[in-house]
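Student: First the structure, which I've put down as structure tokens, then a few questions once you've had a look.
The values are calculated or read from the model by the stated rules, or taken from the named source; none is laboratory data. Computed from a predicted structure; not experimentally measured. Cβ sites come from the backbone with ideal geometry, for glycine too, and all protein chains shown count toward neighbours. Just so you know, the surface numbers come from the protein's heavy atoms only, side chains and all, with ligands and any DNA or RNA stripped out. Shrake-Rupley method; radii C 1.70, N 1.55, O 1.52, S 1.80 Å.
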Amino acid sequence: MTVETVDAAIDIPYGLVARKRRKALFLETAIGLGVAALLLFIVPPVMVALGQGVRINQLGRFLALAIAALGIDLIWGFTGLLSLGHGIFFALGGYALAMYLQLQLPPGQIPEFFTLYGVTELPAFWQPFYSFPFTLVAIVLIPALVAAVLGYLVFRNRIRGVYFSILTQAALIVFFNFFNGQQKLINGTNGLKTDTSTIFGIQVSDPRVQTTFYVLSILFLVGGYFLCRWLTSGRLGRVLVAIRDDETRVRFSGYNPTGYKVFVFAISAALAGIAGALYTVQSGIITPKAMDVAFSIEMVIWVALGGRATLIGAILGTLIVNFARTLLSEQFPAFWLFFQGALFLVVVTVLPMGILGWFRGDGMNLLRSLTGRRKRVATYPSLEEDPEVQYERETLGDRESDR
């Protein structure tokens, strides 16, 4: 192969690459806004017309869960840190909003469950949750601070891989047992109800309030998606992927991965806190079950099914698994867990890169071959199609087989 052939193959103008990236970003933004508009203006009236109005509330809850899945994909798919304790941050966000709603009472009264345990004065840490602005900040900041402190203690000691996963799961169990035993402070195992509370003078279970939080779930999901896309598209995203692929080489290159990992872990936790708050107010209750080990593992399954490091795959995986669980549990209440287990086995054995990962690779090539188009190649097409390159590959392949 001549030098001119190689030069012609790799001589790609930088401006062309930049234009393609801008075009892809514009297309992605348009699709995202289009889907959001569809969920806002088309889906609700269609469901009502079909007599499936109850599905709107389910969809709102699942969209809230998808926000937490985005955080999982950010920390696991792009940074390589498998967190099995995101239920902590999900529950903290849910409890923050539930505490505010519990305090929407006439002056001088305290939540009813306190009287059951002989508590006559509101505990001091409840007092700030009278303020709605403080509650909004707490939903985001408390999970982020807990994650930042936990992450700093773990990452500065260069703990990673399976050890990080074990530590996050151990922290989850500690938080679960603590919240479960605090009957006098946060109603322990019974949790905090929100459906009978009021917000701005309207009962939370009112359809108007539920519609508002459905809309907020969509808006925060779109905002969370573009936040994650922005974080992973630039220099920070390249550093995160480098940490995922070879953290040691990143250190030798002069970067300190600790700060990057703490930052991303905190952002991921903040997204989980927002998801927990939106889910709580649409489900009507928050309990320590949100910090159950199985729930945190289930979040990972959503991302694995949709496709790691894709972001949109995390959303699709969440919706697919949760709607499948709902429909199957209604039709086959005794067997739906077996379907869920089979789904996970299929992902692990057949689709290790998830649905979206398969579609971008083998699925796209299959579609191109069915439509008579040329398959996508990982290198430059002119090199792949060069006769001399093909000859060298065949020759080398024959020599390897003869050894």
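Student: Considering all alpha-carbon pairs of the range 141-285, what whole percent are spaced by more than 23 angstrom?
Tutor: Taking all Cα-Cα pairs of the range 141-285, the fraction more than 23 Å apart is 51 percent.
Student: Which distance in nm do the two modelled labels at ILE110 and LYS23 give, with both placed 7 Å along the Cα-to-Cβ direction?
Tutor: Each label point is offset 7 Å from its Cα along the Cβ direction, giving 6.5 nm.
Student: Just to verify a number: FRET efficiency for VAL137 and VAL346, C-beta to C-beta distance, R0 = 56 Å, to 0.05?
Tutor: So the FRET efficiency works out to roughly 0.85.
Student: Here's another thing I want to ask about it. Please work out the FRET efficiency for the pair PHE252 and VAL162, using the Cβ-Cβ distance as r and a Förster radius of 35 Å; give the result to the nearest 0.05.
Tutor: The computed FRET efficiency comes out at 0.90.
Student: When 1/r is averaged over all different Cα pairs and the result inverted, which Kirkwood radius in Å belongs to the range 178-218?
Tutor: After inverting the pairwise mean of 1/r, the radius is 11.8 Å.
Student: Express the carbon and sulfur contribution to the solvent-accessible surface of the range 223-344 as a percent, rounded to the nearest whole number, probe 1.4 angstrom.
Tutor: Here carbon and sulfur together make up 68 percent of the probe-accessible area.
Student: Hey, rough spin-label estimate for THR189 and VAL54, points 7 angstrom out along Cα→Cβ, what's it come to in nanometres?
Tutor: 2.7
Student: Between VAL293 and GLU121, what is the label-point separation in nm under the 7 Å Cα-to-beta-carbon projection?
Tutor: About 4.0 nm separates the two model spin labels.
Student: I would also like to ask the following. Tell me the per residue accessible area of the chain using a 1.4 Å probe; a whole number in Å² is fine.
Tutor: Result: 54 Å² per residue.
Student: Right, next: Go through the range 40-129 and name the chymotrypsin sites (Phe, Trp or Tyr not before Pro) that are in a DSSP coil and have 13 or fewer other Cβ atoms within 10 Å of their Cβ. Don't skip to the end; give the middle numbers.
Tutor: Values: sites: PHE41, PHE62, TRP76, PHE78, PHE89, PHE90, TYR95, TYR100, PHE113, PHE114, TYR117, PHE125, TRP126, PHE129; in loops: PHE78, TYR117.
Taking the range 40-129 and a limit of 13 other Cβ atoms within 10 Å, the loop chymotrypsin sites (Phe, Trp or Tyr not before Pro) found are TYR117.
Student: If one takes the longest principal axis of the Cα atoms in the chain, at what angle in degrees, from 0 to 90 and to the nearest 10, does the Cα axis of helix 207-233 lie?
Tutor: 40
Student: What Kirkwood hydrodynamic radius, in Å, does the chain give when the mean of 1/r is taken over all pairs of distinct Cα atoms and then inverted? If you can, show how the numbers build up before the last one.
Tutor: Values: mean 1/r = 0.0422 Å⁻¹.
Over the chain, the inverse of the mean reciprocal pair distance is 23.7 Å.
Student: What is the gain in length, in nm to one decimal, between ILE42 and PHE332 on full extension, counting 0.36 nm per residue of separation less the C-alpha to C-alpha distance?
Tutor: Extra length available between ILE42 and PHE332 comes to 101.4 nm.
Student: State log₁₀ I(q)/I(0) for the range 144-216 at q = 0.12, 0.19, 0.22 Å⁻¹ as given by the Debye formula over alpha-carbon point scatterers of equal weight, solvent excluded.
Tutor: Relative scattering, expressed as log10 I(q)/I(0), comes to -0.61, -0.87, -0.93.
Student: Let me ask something else about it. Indicate the gyration tensor shape class of the range 224-288 (rounded, prolate or oblate), computed on the Cα atoms with a ≥ b ≥ c the square roots of the eigenvalues: a/c under 1.5 is rounded; otherwise a/b larger than b/c is prolate and the rest oblate.
Tutor: Verdict is prolate for the range 224-288.
Student: Subtract the Cα-Cα distance of LEU219 and ILE320 from 0.36 nm times their separation in residues, and report this length gain in nm to one decimal.
Tutor: Stretched fully, the LEU219-ILE320 segment lengthens by 34.4 nm.
Student: For a test of the definition: using alpha carbon positions, the gyration tensor, and the 1.5 limit on a/c, classify the range 242-370 as rounded, prolate or oblate.
Tutor: Oblate.
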